[in-house]
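Colleague: Starting off with a structure, shown below.
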Amino acid sequence: MRIPKHIGLIPDGNRRWAVGKGMSKEMGYREGLEPGLRVLKLCQEVGVKELTYYGFTVDNTKRPVTETKAFVQACIDAIELIANEDVSLLVIGNTESKVFPKELLPYTSRTDFGKGGIKVNFLVNYGWEWDLGNLLASEQKRTQILKSIKSNDVSRVDLLIRWGGRRRLSGFLPAQCVYADFYVIDDYWPDFKDDHFYAALNWYDNQDITLGG
């Protein structure tokens, strides 16, 4: 089986899952912690080299305060859990915003935890316009431009997996997703199963990867 070098994850459907369970919307975010850690383990087992989680975006912070506080805390908890694993961890997002959690500032420079290993990127208070701001204003040579994007330490995404049934990119690393294969799972993120991951890998293995060639 051809294993993607870099997998991106959009863990959507937390609020809809909570409502379906008779809970308030903000209670759905904490249910994504265990699935997030499980995907990391699976990626390590099959040999994925890089994994990027979509935490929350600048636009997400327009939601009610109770929801914003809940998903910010869920991201803090998730990253602290990941830091207990053998990973090379980097948090990417607009740290100048008051919404960016101070607890995560130490993770905004890539750091090896445990024995190091798989590169793990976590997008926190991320916005595509923020990421590409320097690029959009630049007229430099291509190699210089690529270095100017704020997510320049993140490689091209091979496979992007989105839970929750939505068929949209939602601003996820647009520069790195130029040739990403996009696999959508209708189940909500808190209902994650190992089969979701393996089904995505099997689907990817059957794609014609040409990168435009």
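The values are calculated or read from the model by the stated rules, or taken from the named source; none is laboratory data. None of these values were measured; they are calculated from a predicted model. Glycine gets a Cβ as well: all are built from the backbone with ideal geometry, and neighbour counts include every protein chain shown.
Colleague: Give the range 93-102 a look and list any residue that's surrounded by 14 or more Cβ atoms within 10 Å (Cβ to Cβ) and of a type outside the set (S, T, N, Q), or say none.
Modeller: Residues satisfying the conditions are G93, V99, F100, P101.
Colleague: Now for a separate question. Can you give me the number of residues within the range 108-125 that are part of a strand (DSSP E or B) and surrounded by fewer than 14 Cβ atoms within 10 Å (Cβ to Cβ)?
Modeller: The qualifying residues number 1.
Colleague: Please verify whether the range 42-57 includes one or more residues that are surrounded by fewer than 17 Cβ atoms within 10 Å (Cβ to Cβ), at pLDDT 95 or above and farther than 21 Å from F192 by Cβ.
Modeller: Checked against the condition, which is being surrounded by fewer than 17 Cβ atoms within 10 Å (Cβ to Cβ), at pLDDT 95 or above and farther than 21 Å from F192 by Cβ, the range 42-57 yields at least one hit.
Colleague: Take the range 59-75 and flag every residue that is of a type in the set (A, V, I, L, M, F, W, C) and farther than 12 Å from R30 by Cα.
Modeller: The one that is of a type in the set (A, V, I, L, M, F, W, C) and farther than 12 Å from R30 by Cα: V65.
Colleague: Which numbered condition trips up L42, out of (1) in a loop (DSSP other than H, G, I, E, B); (2) closer than 18 Å to N121 by Cβ?
Modeller: The single condition L42 does not satisfy is (1).
Colleague: If you take the residues in the range 138-152 that are at pLDDT below 90 and assigned to a loop (DSSP other than H, G, I, E, B), which one is surrounded by the most Cβ atoms within 10 Å (Cβ to Cβ)?
Modeller: Only one residue tops the list, namely I149.
Colleague: Do we find that L105 is surrounded by fewer than 17 Cβ atoms within 10 Å (Cβ to Cβ) and without any contact (Cβ under 8 Å) to a residue 24 or more places away in the chain in this structure?
Modeller: Answer is yes for this residue.
Colleague: Against the definition (modelled with pLDDT of 95 or more, aliphatic (A, V, I, L, M) and in contact with a strand residue (DSSP E or B) (Cβ under 8 Å, 6 or more places away or on another chain)), how does V87 come out, yes or no?
Modeller: Answer is yes for this residue.
Colleague: Which residues, counting only those in the range 45-73, are hydrophobic (A, V, I, L, M, F, W, C), touching a residue at least 60 places away in the same chain (Cβ under 8 Å) and assigned to a helix (DSSP H, G or I)?
Modeller: V46
Colleague: With the checklist (1) within 23 Å of P174 (Cβ to Cβ); (2) part of a helix (DSSP H, G or I); (3) of a type outside the set (S, T, Y); (4) free of Cβ contacts under 8 Å to residues at least 40 places away in the same chain in hand, flag the one item I76 doesn't pass.
Modeller: Exception for I76: condition (1).
Colleague: Could you say whether any residue in the range 13-33 is outside any helix (DSSP H, G or I), touching a strand residue (DSSP E or B) at 6+ places or on another chain (Cβ under 8 Å) and within 24 Å of W128 (Cα to Cα)?
Modeller: Checking the range 13-33: at least one residue is outside any helix (DSSP H, G or I), touching a strand residue (DSSP E or B) at 6+ places or on another chain (Cβ under 8 Å) and within 24 Å of W128 (Cα to Cα).
Colleague: Out of all the residues in the range 7-20, is one or more of a type in the set (D, E), within 16 Å of A78 (Cα to Cα) and free of Cβ contacts under 8 Å to residues at least 60 places away in the same chain?
Modeller: No.
Colleague: Something else now. Would you tally the residues in the range 168-196 being under 19 Å from L123 (Cα atoms) and aromatic (F, W, Y)?
Modeller: Total satisfying the criteria: 3.
Colleague: Would you check which residues across the range 153-188 are within 12 Å of the chain's Cα centre (by Cα), buried (at least 21 other Cβ atoms within 10 Å of the Cβ) and aliphatic (A, V, I, L, M) and list them?
Modeller: V154, V157, L159, L160, I161, L173
Colleague: Follow-up question, since we're still on this one. Looking at the range 159-213 only, could you name the residues that are assigned to a strand (DSSP E or B) and touching a Cys at 6+ places or on another chain (Cβ under 8 Å)?
Modeller: L160
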